[in-house]
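The values are calculated or read from the model by the stated rules, or taken from the named source; none is laboratory data. What you see is a predicted model, and the numbers here were worked out from it, not measured in a lab. Every residue, glycine among them, receives a Cβ derived from its backbone with ideal geometry; neighbour counts consider all protein chains shown.
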Amino acid sequence: MANVETASRDSEAPALRPGSGVAVQTASLSKRFGEVEAVRDVTFSVGRGEVFAFLGPNGAGKTTTVRMLCTLTRPGGGQARVAGFDVARQPRAVRRRIGLVFQEQTLDDRLTAEQNLRFHAVLYHVPSAQVEERIGRVLRLVALEDRRHDLVSTYSGGMARRLEIARGMLHTPAVLFLDEPTVGLDPQTRALVWQDVLRLRQEERVTIFLTTHYMDEAEYADRLAIIDHGSIVATGTPDELKRQVGADTVELVTADNPAAARHLETAGWQVRPGEERLVVFAEDGEALVPRLIEAAGVRVRSVHVHRPTLDDVFLHYTGRQIRDEHAERALPMRARARMARRR
Amino acid sequence: MTADALKLPGGSLPDERESVGEELRTVGMVWEREAIRFFRTRARILSSFIQPILFLFVLGWGMSSLVGTVAGFDFKKFLFPGIVAMTVLSTAISSAISIVWDREFGFLREMLVAPVSRTALVCGKTLGGASIATVQGTIMLALAPLIGVHLTTLLVVQVIGLELLMAVSLTAFGVFVASHIQRMEGFSVVMQLLLFPMLFLSGALFPLGGLPGWLTVLTRINPLTYAVAPLRHLVFAAQHMPPAAAAKFSSSVTLFGHALSDAACVGITCAFAVVFLVLAVTGFGKPD
């Protein structure tokens, strides 16, 4: 996973790089289903080559937004451009330039992997002369080349998902949309899927737009938008968002807490003394641990560094943990049933 | 509304369209998928012959004693073309109805979100199902010697042509119906409600002459009726049929008091095919 880490760091916020271009851009995008405003005034842009995540609980409007960007649902208001084309006025042009991986499987499991890919290649107008090469390439990217001639019905859930991601990349789209790509997969498989996604990004230079309600997955994104009740409540890189929430905290348990607190304060640290432990606020807690131990001047029994997580960020902006999925109830049954049917 | 204030930059170019070549490639690919899936399920191929064969032999022999033989011509020979039509009908409808499965297992979305026209998808699906149905119907011809039906090369070629036309019309009809089925449960209901009435009211199994008025109306709006009559005439024409037998096993279709020629029947079948194709294209994938 180490290379995965670097991959996501390399191209931090390429949107801000001059001349890199914009892959997805929306202005006040909105959609209502009856009484429910599923998406409200959503405005954001995604730079070319970026991994951009929409983070939010179920029912927050993630899927509806993706569907509008993919021209599957007509925007109720506002505008959106994908790969330079207007989703409402030029849906065909948009569809030719995007790859789609839905929440639910859309493979023909009575065909082999290769046959599924061949079908896709034709429907997305991959020139005949390139089909063979592209199929080989995308299968290699997701490490399924040895299962090429196997029926998809023999695939595990994770393999099928990776094949779908490969298929989404087959026609070299400008933007790959992944709607909850890892939902229902075990942690190990999720990690594999993520390796695939990030490798694709690096090797194919594709922009990736994904939705997720997993905090740890949003960490992989170059930038993310937190969406709640149909509105974006915060946008930024994972680090930016965490910094907005607060600094790192370092908890120290020492042989003599009051003495340690005095020493640290004299050394210029911001300290909150306590009976059991003292808490030091710092910008980069981990790197400071050795200096803190030295400055404490007494024996340090334990150190615990706490960085703000995206959980903290989400809690900060929405007042809730993402785990309690109350938001799902925000959409009445009927609207949700209709959305499910529309899928 | 803020949307007006927040207009995105960039001109509005016209949308892109698929070229004819791209559309034809799509038709071919959808057709190919139908063929691949068909040949993969050998059990289904075999089982789809069981019912027609059962009808041909059980019903054929059973009724033959009742109907009797006229100058060496019996009910089995009358039934044979009808059984070929039955095979085409059931294969065409069950291929078309696989759309319900495609919907259930998500593959329909893969097709519908692709930058291709619904027309191309429906044409591919229809031609695929129709090809399979034609192959199945033609395989049934192999039973002709057992029934005492004489085949010529010309007859086989003509029958294949007619089967294909009938199969396109019926598959398109099936695609149209299947597009409106949202759930798996609806599938068996539709099969019951469509398949057997269409079969029984088409003249495939018995002459339509003796039916009461209201059933006659149903037979005349049944698209299969106009395919069965010329098919039977084709087969009969290749047999040495005495006039007495031809009179007893009459199978012409009358419409508003006029006996329809085979050409007219073929024309009506073509018209049905076009209408069903148009309906299938407009209904395909909706509501999604």
**Item:** Among the candidates A:VAL245, A:VAL253, A:VAL175, residue that is touching a residue at least 60 places away in the same chain (Cβ under 8 Å) and under 30 Å from A:GLU276 (Cβ atoms)
**Value:** A:VAL245
**Prompt:** Across the range A:196-211, which residue is surrounded by the most Cβ atoms within 10 Å (Cβ to Cβ) among those that are among the polar types (S, T, N, Q) and in contact with a helix residue (DSSP H, G or I) (Cβ under 6 Å, 6 or more places away or on another chain)?
**Reply:** A:THR211
**Prompt:** What number of residues within the range A:110-122 satisfy the criterion of being more than 9 Å from chain B (Cβ to nearest Cβ) and within 28 Å of the chain's Cα centre (by Cα)?
**Reply:** 2
**Request:** Pick out the one residue from B:LEU205, B:LEU199, B:LEU215, B:LEU234 that is assigned to a loop (DSSP other than H, G, I, E, B) and at pLDDT 85 or above.
**Result:** B:LEU205
**Asked** Just one of A:VAL280, A:VAL300, A:VAL289 is within 27 Å of A:ALA218 (Cβ to Cβ), among the β-branched types (Val, Ile, Thr) and modelled with pLDDT of 80 or more; which is it?
**Response** A:VAL289
**Complete:** Given (1) buried (at least 18 other Cβ atoms within 10 Å of the Cβ); (2) over 15 Å from the mean Cα position of the chain (by Cα), B:VAL228 misses just (2)
**Message:** For the range B:156-189, which positions are modelled with pLDDT under 80 and more than 18 Å from B:GLN51 (Cα to Cα)?
**Reply:** B:GLN182, B:ARG183, B:MET184, B:GLU185, B:GLY186, B:PHE187
**Prompt:** Is it true that A:GLY21 is surrounded by fewer than 24 Cβ atoms within 10 Å (Cβ to Cβ), within 26 Å of A:TRP194 (Cβ to Cβ), of a type outside the set (Asp, Glu) and at pLDDT below 90?
**Reply:** yes
**Request:** State whether the residues of the range B:41-51 include one that is of a type outside the set (Gly, Ala, Ser), surrounded by fewer than 21 Cβ atoms within 10 Å (Cβ to Cβ), within 14 Å of chain A (Cβ to nearest Cβ) and over 18 Å from B:ALA96 (Cβ atoms).
**Result:** yes
**Message:** When you scan the range A:168-179, do you find a residue that is of a type in the set (Phe, Trp, Tyr) and assigned to a helix (DSSP H, G or I), even just one?
**Reply:** no
**Item:** Qualifying positions in the range B:52-66 - among the β-branched types (Val, Ile, Thr) and either in contact (Cβ under 8 Å) with a residue 24 or more places away in the chain or within 14 Å of chain A (Cβ to nearest Cβ) (or both)
**Value:** B:ILE53
**Request:** From the list A:LEU224, A:LEU198, A:LEU278, pick out the single residue that is under 30 Å from A:GLU37 (Cα atoms) and touching a Ser or Thr at 6+ places or on another chain (Cβ under 9 Å).
**Result:** A:LEU224
**Message:** Return the residues of the range A:142-157 that are in a loop (DSSP other than H, G, I, E, B) and more than 28 Å from the chain's Cα centre (by Cα); say none if nothing qualifies.
**Reply:** A:ARG148, A:HIS149, A:ASP150
**Message:** If I go through the range A:75-99 residue by residue, how many of them are in contact (Cβ under 8 Å) with a residue 40 or more places away in the chain, surrounded by fewer than 24 Cβ atoms within 10 Å (Cβ to Cβ) and more than 18 Å from A:THR172 (Cα to Cα)?
**Reply:** 4
**Complete:** Among the residues of the range B:100-123, the number that are within 10 Å of chain A (Cβ to nearest Cβ) and either part of a loop (DSSP other than H, G, I, E, B) or not charged (D, E, K, R) (or both) is 14
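Which of the residues belonging to the range A:227-255 are charged (D, E, K, R), assigned to a strand (DSSP E or B) and over 30 Å from A:GLU37 (Cβ atoms)?
Hits for the range A:227-255 are A:ASP248, A:GLU251.
Return the only residue of A:ALA129, A:ALA166, A:ALA143, A:ALA160 being free of Cβ contacts under 8 Å to residues at least 60 places away in the same chain, small (Gly, Ala, Ser) and at positive phi.
A:ALA143
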**Request:** Kindly provide the set of residues from the range B:231-252 that are crowded, with 20+ Cβ neighbours inside 10 Å, farther than 19 Å from B:CYS270 by Cβ and of a type in the set (A, V, I, L, M), ordered by number.
**Result:** B:VAL235, B:ALA245
**Message:** Anything in the range A:193-226 that is of a type in the set (Asp, Glu) and not in a loop (DSSP other than H, G, I, E, B)? List them, or say none.
**Reply:** A:ASP196, A:GLU203, A:GLU204, A:ASP216, A:GLU217
**Item:** Matching entry among A:THR106, A:THR71 (being in a loop (DSSP other than H, G, I, E, B), buried (at least 20 other Cβ atoms within 10 Å of the Cβ) and at positive phi)
**Value:** A:THR71
**Asked** Exactly one of (1) under 25 Å from A:HIS213 (Cβ atoms); (2) modelled with pLDDT under 90; (3) not charged (D, E, K, R) is unmet by A:VAL66. Its number?
**Response** (2)
**Message:** I need the full set of residues from the range A:35-56 which are farther than 25 Å from B:PRO115 by Cα, surrounded by fewer than 23 Cβ atoms within 10 Å (Cβ to Cβ) and either more than 14 Å from chain B (Cβ to nearest Cβ) or among the hydrophobic types (A, V, I, L, M, F, W, C) (or both), in order please.
**Reply:** A:GLU35, A:VAL36, A:PHE44
**Item:** A:LEU139 vs. criteria more than 11 Å from every other protein chain (Cβ to nearest Cβ) and within 29 Å of the chain's Cα centre (by Cα)
**Value:** yes
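Every residue, every condition in (1) under 22 Å from B:GLY124 (Cβ atoms); (2) touching a strand residue (DSSP E or B) at 6+ places or on another chain (Cβ under 8 Å); (3) more than 10 Å from chain B (Cβ to nearest Cβ), yes or no:
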| residue | (1), (2), (3) |
| --- | --- |
| A:ARG92 | yes, no, no |
| A:ARG97 | no, yes, no |
| A:ASP108 | yes, no, no |
| A:ILE135 | yes, no, yes |
**Asked** What are the residues in the range A:20-64 that are under 23 Å from A:LEU315 (Cβ atoms), among the aromatic types (Phe, Trp, Tyr) and touching a Lys or Arg at 6+ places or on another chain (Cβ under 8 Å), if any?
**Response** A:PHE52, A:PHE54
**Asked** Of the numbered conditions (1) touching a strand residue (DSSP E or B) at 6+ places or on another chain (Cβ under 8 Å); (2) at pLDDT below 90; (3) surrounded by fewer than 24 Cβ atoms within 10 Å (Cβ to Cβ), A:PRO181 satisfies every one except a single condition; which is it?
**Response** (3)
